[in-house]
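Structure first, commentary second.
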Amino acid sequence: MLAIRFSRHGKKNQPFFRIVVSEKAKDPVGDFLEDLGFYNPRSKEVSFKKERILHWIGCGAKPSATVHNLLLKHGVTTGERIKVMRRHKKDQEEKEAAPAPAA
């Protein structure tokens, strides 16, 4: 399955993201099919290849939730926002370590 997602680049504490198409199971940094643009969260600079994004979505590629919301914000696609929530490692570890309640 193809995915349109971010590939993180940049220095420590100075990230910028490429928007790439790749297989869902592969590493987004190394092996991707096509570069579709970039997003700099620090300066809010964005560049898209709108025609190519729509082409890949037409071919069955699914954007990640964050990329989907970014495309909606800039008018590339239509639809509803997807709620994105980050999980903290501490919360996840505590949840896994806690014993299940007896029925």
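Brief remarks follow.
- Residue that is nearest to Lys49 (Cα to Cα), among those in the range 1-38 that are out of contact with any strand residue (DSSP E or B) (no Cβ under 9 Å at 6 or more places or on another chain) and of a type in the set (S, T, N, Q): Gln14
- For Lys50, the requirement of being more than 12 Å from Ile4 (Cα to Cα) and more than 15 Å from the chain's Cα centre (by Cα) is met.
- Residue check: Ile82 meets all listed conditions (1) surrounded by 14 or more Cβ atoms within 10 Å (Cβ to Cβ); (2) in contact with a His (Cβ under 7 Å, 6 or more places away or on another chain) but one, namely (1).
- Cβ-Cβ distances below 6 Å connect the following pairs, each with a first residue in the range 39-59 that is without any contact (Cβ under 8 Å) to a residue 60 or more places away in the chain, a second residue that is among the hydroxyl-bearing types (Ser, Thr, Tyr), and a separation of six or more residues or different chains: Val46/Tyr39.
FYI, it's all coordinate maths here, none of it is from the lab. As the structure is a prediction and not an experimental result, all values here were calculated from the model. Because the Cβ atoms are built from the backbone with ideal geometry, glycine has one as well, and the counts that use them run over all protein chains shown.
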